[in-house]
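The values are calculated or read from the model by the stated rules, or taken from the named source; none is laboratory data. Worth saying up front: this structure is predicted, and the values here are computed from it rather than measured. Here the Cβ positions follow ideal geometry from the backbone for every residue, glycine too, while neighbour counts run over all protein chains shown.
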Amino acid sequence: MSTRSITGVALVALVALAIGFVLADQVRTQLLTPSNQVARYQALVRNVQDLETTNADDRRQIADLRSQIESLESEAARRSATTQSLRNQVTDLRAHAGLVAVHGPGVEVVLRNGLPGPGPTGQAGYLVNFQDVQDVVNLLFAQGAEAIAINGRRVTPLTSFSGTEGQILVDQGPPLTSPVKIDAIGDRNRMTAALADQSALPDIRAREVQFGLHLTFDGIADVSLPAYDSSLQVTHVSPA
Amino acid sequence: MRGRAVSVWLIALVVALVGTIQVRSQAEVERSLVGVDPTSLAFLIDDLHRANDSLDAEKAALARQRSTLQSGQAGAADQVLADEAERLRAIDGYVPVQGPGVVMVIEATGLTALDLQDAVNNLTAAGAEAIDVNDHRIVMGVPITQQGGGVAIDGNTVVSPWTISAVGDPNRLARIADLMAQQLRADRRVRAVSYRVVTDLLITSVLTEKPFVYAVPS
């Protein structure tokens, strides 16, 4: 074997060795970590999906139980005038608490994500967030809305909004994401005028310009809102 | 010569393999993380657990109501309806209420309706079951608006200091009140903020029932 051949083989061996190290390092530090990240992430996603399924089942059961209770109350009310009077009071109170499906004239507001922009604010500013929904709901109530639903979820006297970037939590329902549809029953001329007012909803207006966030609305002759289907338990408050 | 060529091909193959796996692994991570980061997912899981616990409690309470109604005992339906009316009047804000909770006092200049809306929302999200601000009862639907230079609750101006009383789980309310106080202390418009936990808080303000004009039961 010539000196040139030996040098050539040594060079190939050296390169193979280096590649071997790179490969080992790659497997140890780069390939395993992302795999674990993906597995953990997928486990979290599965957990969320399972909880959302349970949540939907629970809300279906609650709606079913409320329907059965109403039938039993109605049956009892047919037998007694006192019971009928009490039932009328409760029906009215339930309507104001969002526990009765209602319909009437109103508006439909839709909020949609815009496009990501540069900089830290651009990473989330284009997403519809819970404060946007809260602001629109407050604006509609300030304009006399009598009943509101968000993506078919009825707002109650105890409704609250929370969430993280692009995820909107309303009471005990699963998170909502764009597009978010807010239906309200009330004076539609008053509500549409308020929504068209460029000085209202300043944060949304600014992000419409900056990130192309969408706010659209229409007056509707007859909007139907479902009854609230989640928990309205109060365990700490009692009449004084 | 032929052996060397095979070695070079093998090395090239390994390099290509490493490169491909690396790029695909990164792409997989990035694709799966689009939208929600793991921390946000963890918060969502926590929120959903709490939500599902509340839904379980509601199911149990409704099942008890149904059983009582099904019992057919004399006066059972009247009792269920009377209890329900009492509970709903408290939720709708039509009667004075009491219970444990927190009282927050905020002295500030220039706070807006949005600040008060956020404060009320934070307390409600922390389980507040009844809220009063400067003797005005607040539930979702009571307008909190900007009027002139001040904040109005259902058309009535409320001036600083704002005294916010919230009845609910005192531990959860105290935690959120503490976080709110920390944030408010960093706000230059706020002169002073304090909160205290109260074992039996009384809220006497009430709302007047307004009949629906537009909404009709389906």
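Against the criterion of being in contact with a His (Cβ under 6 Å, 6 or more places away or on another chain), of a type in the set (A, V, I, L, M), more than 9 Å from every other protein chain (Cβ to nearest Cβ) and closer than 22 Å to B:VAL97 by Cα, B:ILE153 qualifies.
Of all residues in segment B:186-212, those being within 14 Å of chain A (Cβ to nearest Cβ) and among the charged types (D, E, K, R) number 3. Residues being over 19 Å from the mean Cα position of the chain (by Cα) and at the interface with chain B (Cβ under 8 Å from one of its Cβ atoms) are entirely absent from segment A:158-170. Within segment A:61-79, at least one residue is closer than 30 Å to B:ALA77 by Cα, of a type in the set (Val, Ile, Thr), modelled with pLDDT of 85 or more and in contact with a Ser or Thr (Cβ under 8 Å, 6 or more places away or on another chain). Restricting B:GLY3, B:GLY19, B:GLY75, B:GLY93 to those that are on the phi > 0 side of the Ramachandran plot and modelled with pLDDT under 95 reduces the list to B:GLY75. Filter segment A:70-102 down to residues that are under 29 Å from the mean Cα position of the chain (by Cα) and hydrophobic (A, V, I, L, M, F, W, C) and give me whichever is farthest from A:PRO226 (Cα to Cα). Per the stated criteria, the residue is A:LEU93. For the residues A:GLU52, A:GLU75, A:GLU70, the requirement of being of a type in the set (D, E, K, R) and under 22 Å from A:SER160 (Cα atoms) singles out A:GLU52. Of all the residues in segment B:186-215, those that are without any contact (Cβ under 8 Å) to a residue 60 or more places away in the chain and surrounded by 14 or more Cβ atoms within 10 Å (Cβ to Cβ) number 3. Among the conditions (1) in a strand (DSSP E or B); (2) in contact (Cβ under 8 Å) with a residue 60 or more places away in the chain; (3) buried (at least 19 other Cβ atoms within 10 Å of the Cβ), the only one that B:VAL151 does not satisfy is (2). Which of the following residues is part of a strand (DSSP E or B), under 18 Å from A:LEU176 (Cα atoms) and within 23 Å of the chain's Cα centre (by Cα): A:VAL128, A:VAL110, A:VAL133? Only one candidate qualifies: A:VAL110.
Per-residue answers, yes or no, for (1) modelled with pLDDT under 90; (2) in contact with a helix residue (DSSP H, G or I) (Cβ under 6 Å, 6 or more places away or on another chain); (3) more than 9 Å from chain A (Cβ to nearest Cβ):
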position	(1), (2), (3)
B:ALA42	yes, no, no
B:ASN52	no, yes, no
B:SER67	no, no, yes
B:PRO100	no, yes, no
B:THR109	no, no, yes
B:ALA113	no, no, no
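Taken together, the residues in segment A:228-240 that are touching a residue at least 40 places away in the same chain (Cβ under 8 Å) and over 22 Å from B:ALA125 (Cβ atoms) amount to 0. Considering only segment A:128-149, I want to know if a residue exists there that is in contact (Cβ under 8 Å) with a residue 24 or more places away in the chain, touching an Asp or Glu at 6+ places or on another chain (Cβ under 6 Å) and farther than 25 Å from B:ILE153 by Cβ. For segment A:128-149, residues in contact (Cβ under 8 Å) with a residue 24 or more places away in the chain, touching an Asp or Glu at 6+ places or on another chain (Cβ under 6 Å) and farther than 25 Å from B:ILE153 by Cβ: absent.
Of all residues in segment A:80-116, which are within 9 Å of another protein chain (Cβ to nearest Cβ), of a type in the set (D, E, K, R) and surrounded by fewer than 21 Cβ atoms within 10 Å (Cβ to Cβ)? Across segment A:80-116, the qualifying residue is only A:ASP92.
Comparison of A:ALA200, A:ALA193, A:ALA240 shows that the only residue that is touching a Pro at 6+ places or on another chain (Cβ under 8 Å) and either away from every other protein chain (no Cβ under 11 Å) or surrounded by fewer than 22 Cβ atoms within 10 Å (Cβ to Cβ) (or both) is A:ALA240. Taking the criterion of being assigned to a loop (DSSP other than H, G, I, E, B), within 10 Å of chain A (Cβ to nearest Cβ) and either free of Cβ contacts under 8 Å to residues at least 24 places away in the same chain or in contact with a strand residue (DSSP E or B) (Cβ under 8 Å, 6 or more places away or on another chain) (or both), the residues of segment B:127-145 that qualify are B:ALA128, B:GLU129, B:VAL139, B:MET140, B:GLY141, B:VAL142, B:PRO143.
Comparison of A:ASP222, A:ASP171 shows that the only residue that is modelled with pLDDT under 95 and either surrounded by fewer than 22 Cβ atoms within 10 Å (Cβ to Cβ) or not polar (S, T, N, Q) (or both) is A:ASP171.
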